[in-house]
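Visitor: Can you keep this structure in mind? I'll have questions shortly.
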């Protein structure tokens with residue numbers, strides 16, 4: 001029984017991930033840490049292929065009370081929406097959790 005969802009990153013999520021990597025690799029001059037964090041975020045995002053409902057519904061800040069879910073990965077929050085009819089998870093944004101968005 002195949003119960004997997006497809007995971008799609010929206011353009012903003014790609015920009016967010018690129019920005020996170022660039023900041024850590026170039027501004028903080030820690031390319032190894034940036035690469036490990038990128039791998040960790042990617043692994044967490046694609047783990048939503050199974051059990052995408054495990055992320056809590058977002059109730060505060062941007063995207064609150066509109067059916068979006070969130071997954072916490074270290075100091076980052078992945079905001080996403082599940083399209084049940086299409087068996088698809090849309091990754092909307094990835095933000096530093098302490099940014100109060």
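Visitor: Can you go through 38, 34, 64 and tell me which one is free of Cβ contacts under 8 Å to residues at least 24 places away in the same chain, surrounded by 13 or more Cβ atoms within 10 Å (Cβ to Cβ), within 17 Å of residue 96 (Cα to Cα) and over 15 Å from the mean Cα position of the chain (by Cα)?
Guide: 34
Okay, residues lined up against (1) assigned to a helix (DSSP H, G or I); (2) within 30 Å of residue 3 (Cα to Cα):
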{"position": "19", "(1), (2)": "yes, no"}
{"position": "24", "(1), (2)": "yes, no"}
{"position": "29", "(1), (2)": "no, no"}
{"position": "39", "(1), (2)": "yes, yes"}
{"position": "48", "(1), (2)": "yes, yes"}
{"position": "61", "(1), (2)": "no, no"}
{"position": "64", "(1), (2)": "no, yes"}
{"position": "72", "(1), (2)": "no, yes"}
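Visitor: Which count do you get for residues in region 74-101 that are under 21 Å from residue 6 (Cβ atoms) and either out of contact with any strand residue (DSSP E or B) (no Cβ under 7 Å at 6 or more places or on another chain) or touching a residue at least 12 places away in the same chain (Cβ under 8 Å) (or both)?
Guide: Looking only at that region, the number is 16.
Visitor: Among the numbered criteria (1) crowded, with 19+ Cβ neighbours inside 10 Å; (2) in contact with a strand residue (DSSP E or B) (Cβ under 9 Å, 6 or more places away or on another chain); (3) over 14 Å from residue 97 (Cα atoms), which one does residue 58 miss?
Guide: Against the list (1) crowded, with 19+ Cβ neighbours inside 10 Å; (2) in contact with a strand residue (DSSP E or B) (Cβ under 9 Å, 6 or more places away or on another chain); (3) over 14 Å from residue 97 (Cα atoms), residue 58 comes up short only on (3).
No value in this document is a laboratory result; all are computed from the given coordinates. In this text, all values refer to a predicted model and were calculated from it rather than measured experimentally. All Cβ positions, even for glycine, are placed from backbone atoms using ideal geometry, and neighbour counts span all protein chains on display.
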